[in-house]
Amino acid sequence: MVNAGDMNGSGNLMDFLDEPFPDVGTYEDFHTIDWLREKSRDTDRHRKITSKSKESIWEFIKSLLDAWSGWVVMLLIGLLAGTLAGVIDLAVDWMTDLKEGVCLSAFWYSHEQCCWTSNETTFDDRDKCPQWQKWSELLVSQSEGASAYILNYFLYIMWALCFAFLAVSLVRVFAPYACGSGIPEIKTILSGFIIRGYLGKWTLLIKTVTLVLVVSSGLSLGKEGPLVHVACCCGNFFSSLFSKYSKNEGKRREVLSAAAAAGVSVAFGAPIGGVLFSLEEVSYYFPLKTLWRSFFAALVAAFTLRSINPFGNSRLVLFYVEYHTPWYMAELFPFILLGVFGGLWGTLFIRCNIAWCRRRKTTRLGKYPVLEVIMITAITAIIAYPNPYTRRSTSELISELFNDCGALESSQLCDYINDPNMTRPVDDIPDRPAGPGVYSAMWQLALALVFKIVITIFTFGMKIPSGLFIPSMAVGAIAGRMVGIGVEQLAYHHHDWIIFRNWCRPGADCVTPGLYAMVGAAACLGGVTRMTVSLVVIMFELTGGLEYIVPLMAAAVTSKWVADAFGKEGIYEAHIHLNGYPFLDVKDEFTHRTLATDVMRPRRGEAPLSVLTQDSMTVEDVETLIKETDYNGFPVVVSKDSERLIGFAQRRELILAIKNARQRQDGVVSNSIVYFTEDPPELPPNSPHPLKLRRILNLSPFTVTDHTPMETVVDIFRKLGLRQCLVTRSGRLLGIITKKDVLRHMAQMANQDPESIMFN
């Protein structure tokens, strides 16, 4: 080392920060990343790799490996997400049936698998086989009668409570972040927010296990939303293995966007719908390269799931249907009515669920999550068992509601009165009058609809993994099937009416009630989530009903229009606001005529802005400023008198730089001068070594003038993903606007509580 005098003369002080030190460029928990800086760092890294690749063959191979690492990560995500989804589907199938009975030949077989292998199963009683026994048959050797019913009822409730208790206990003890749907937090993380542990290994493991338990318990929730969280955990795990992604939060989010697409791909067996869902619903930054990679990840995930074949039908989905009748223009009216119902249900659900979740957060109820889960599970099981449509799993219910009534169907919904003289092919069964089974099913479905509507409001948001896609689709499918049966019977009994005369002749197969269920499911899911394009694509991939795309589009658009008339927020945005996450939604419009000077801090009467000077503060001054404030960073000015802006220094990097300097550079003491310029300042002889921190200084912070309209500022924050923006006038620093200030100002302008925005 040279003495201070030599340093002052030569100006060639070694900058110890020329070599990067640990944790520089990382972010603290519950803070927002700087998208511009992450993009710039990735460009520098790429430039360095490209220039090095010309030096030797080894460097060239390394550059190729770097270029291919993205595709390798996508391959791994697709393989793991597909495998986990297949395992979850198989486990849920087995554990749902376990509540009603057990397979004697192999206890790990579900009811359907058990009877597949039986040679004693008849076509009429294909759900009954000697190998499968209900609990009453096994324990008291009775299959009928009051005592057998009560015993089965009791064990159904006990199994449900056991599964739910185990799930909520695992979440509470091992992974608190494994609760809920996960999509609101994924959206927030993809917008640049840091929630450490949310995508960790423990969260992945516990969410996978508890997802099986809660879906098997019979609660009104689905596995589709949580599967997006599971896939993103896989993405986070694999991206941490490659420095290209682990050291750059912006690049990591590109991987997570693709992982979200893979999650929806395996949740619904809809790879294209998954890519569109990621683009439309969850992603904040979605470059073209991410689109291709999302497509590849979704493809691999779907292929893996298809290889596992969890549903045993050689298809990706449980709901695959084939309808044999085209739809007619006159049917658009009931389809649009279902869209209106979906929009109204979506609005009702969001308002009631948010009110209940807010009550949970602000009252003593939130202190007893285990008790809440047990109570809701008990109520669900007690009410669900007597009704055959609520007793079975929601996925099976939707599958039955979507199905067309063929000659081989044994469902109550297909109990029509047949014409004994009918000699038509099996696939072209004409409309027939409803039999007693259909009327009985209509009453049971009406009760199931009311039950599902009410119980889902209280179930979503509990401290267990809970998806919303399947319950919403169930509500719509029940309503749709009932409307479909109504239209079918109307067309049969009144085929001479003017609306039916042109297209529904006597003896023709005119109306497909299953199609109405499909349209209703799309309408309700759209009303709750406000999805449009991705929803329609998911629905036709889910069911294989490509020619019914116009009814689906009509219902989805109507549902969105009706729901938007009562409020623009979907359920995920509502939960983001409830939790106070700093999420700037691209869909929100800001139309108020305010200026940057109205929002910036400090405001009139407040203490002046905390700043650093370029070469006149000591290490002790900087440490004191850091200790006395909790700001994420500090503007650097020429001097406190001139306040001419030089750049911006992040709090975390100042702390790390000073700590590392004290450890690695001799002579740095509390009264050492800190400078951000290229050359050291003139210092008196025998002064302690100055500390050069120019490397951590952002020399091009984003600035606006004090008269910039807030509409423009909001747009800049959205499109560039800024953390903060400095306000200047003629190069002189006036104040600062952070993302939190923007969100609070927007909340204030919308007559909401600005203090609800809790994080930076």
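The values are calculated or read from the model by the stated rules, or taken from the named source; none is laboratory data. Keep in mind that this is a model prediction, so the values were computed, not measured. All Cβ positions, even for glycine, are placed from backbone atoms using ideal geometry, and neighbour counts span all protein chains on display. Areas reflect the complete protein model, heavy atoms only, side chains present, ligands, DNA and RNA absent. Shrake-Rupley method; radii C 1.70, N 1.55, O 1.52, S 1.80 Å.
Descriptive notes on the structure:
- Based on protein heavy atoms only, the stretch 215-266 ends up with 17 Å² per residue of surface accessible to a 1.4 Å probe.
- Cα centroid separation, the stretch 551-597 to the stretch 187-220 (Å): 24 Å
- Cleavage-rule hits (GluC sites (Glu not before Pro)) in the stretch 662-716: DSSP loop, at most 14 neighbouring Cβ within 10 angstrom: 678, 682
- Cα-based radius of gyration of the stretch 467-547 once divided by 2.2 N^0.38 Å, which approximates compact folds: 1.26
- Taking only alpha carbon atoms, the stretch 336-376 gives an Rg to Rh ratio of 1.21, where Rh is the Kirkwood radius.
- Efficiency of FRET between residue 417 and residue 322 - r from beta-carbon atoms, R0 25 angstrom, step 0.05: 0.55
- Applying a 4.7 Å cutoff between beta carbons, the unpaired cysteines of the chain are 162, 179, 232, 233, 234, 352, 357, 524, 725.
- Span-rule helices in the chain, defined as complete DSSP H runs reaching 27 Å or more along the axis (Cα) with Kyte mean at least -1.0: 57-98, 146-174, 249-268, 288-308, 332-362, 436-459, 469-493
- Only beta bridges with both residues in the stretch 596-750 are counted; by DSSP, about 70 percent of them are antiparallel.
- Extension gain, residue 150 to residue 28, is 38.4 nm, computed as 0.36 nm per intervening residue step minus the present C-alpha separation.
- Placing pseudo-labels 7 Å out from each Cα toward the beta carbon at residue 315 and residue 382 gives an inter-label distance of 3.8 nm.
- Shape metrics for the stretch 307-396, restricted to C-alpha atoms - Rg then Dmax, Å: 19.8, 55
- Share of alpha-carbon pairs per 10 Å distance bin for the stretch 447-601, given as whole %: 10, 29, 30, 17, 9, 4, 1, 0
- Its Kirkwood hydrodynamic radius, worked out from the mean inverse distance over all distinct Cα pairs, puts the stretch 596-750 at 16.6 Å.
- Restricting the stretch 556-610 to trypsin sites (Lys or Arg not before Pro) in coil, as DSSP defines it, with at most 15 other Cβ within 10 Å: 568, 587, 593, 603, 604
- Kirkwood-based Rg to Rh ratio, the chain, C-alpha trace: 1.06
- Most tightly packed first, judged by the mean number of other beta-carbon atoms within 10 Å of their residues, the peptides 185-194, 53-62 read 185-194, 53-62.
- 21 Å Cα-Cα threshold exceeded, pairs from 39/247; 48/251; 223/289; 128/452: 223/289; 128/452
- The fraction of accessible area contributed by carbon and sulfur in the chain is 59 percent, rounded to a whole number (1.4 Å probe; ligands and nucleic acids excluded).
- Put the Cα centre of the stretch 32-93 next to the Cα centre of the stretch 367-383 and the gap is 43 Å.
- Subtracting the Cα-Cα distance of residue 142 and residue 642 from 0.36 nm times their residue separation leaves 170.8 nm of extension gain.
- Each of residue 201 and residue 106 was given a label point 7 Å from its Cα along the Cα-to-Cβ line. The distance between the two points is 3.2 nm.
- Under the convention that each Lys and Arg Cβ holds +1 and each Asp and Glu Cβ holds -1, the size of the dipole of the chain around its Cα centre is about 1560 debye.
- Dmax and Rg, reported as Rg then Dmax, of the stretch 84-308 (C-alpha, Å): 20.8, 66
- You can think of it this way: the chain between residue 497 and residue 749 has 85.4 nm of extra reach, that is 0.36 nm per residue less the Cα-Cα gap.
- Per residue, the Cα convex hull of the stretch 526-583 amounts to 76 Å³.
- Note on the stretch 243-366: the alpha carbon radius of gyration divided by the globular reference 2.2 N^0.38 Å gives 1.45.
- Fraction of antiparallel bridges per DSSP, the chain only, in percent to nearest 5: 75 percent
- Using C-alpha pairs under 8 Å with a sequence gap of at least 6, the mean separation divided by the residue count of the stretch 680-760 gives a relative contact order of 19 percent.
- The chain, relative contact order in percent, only Cα pairs under 8 angstrom and at least six apart counted: 16 percent
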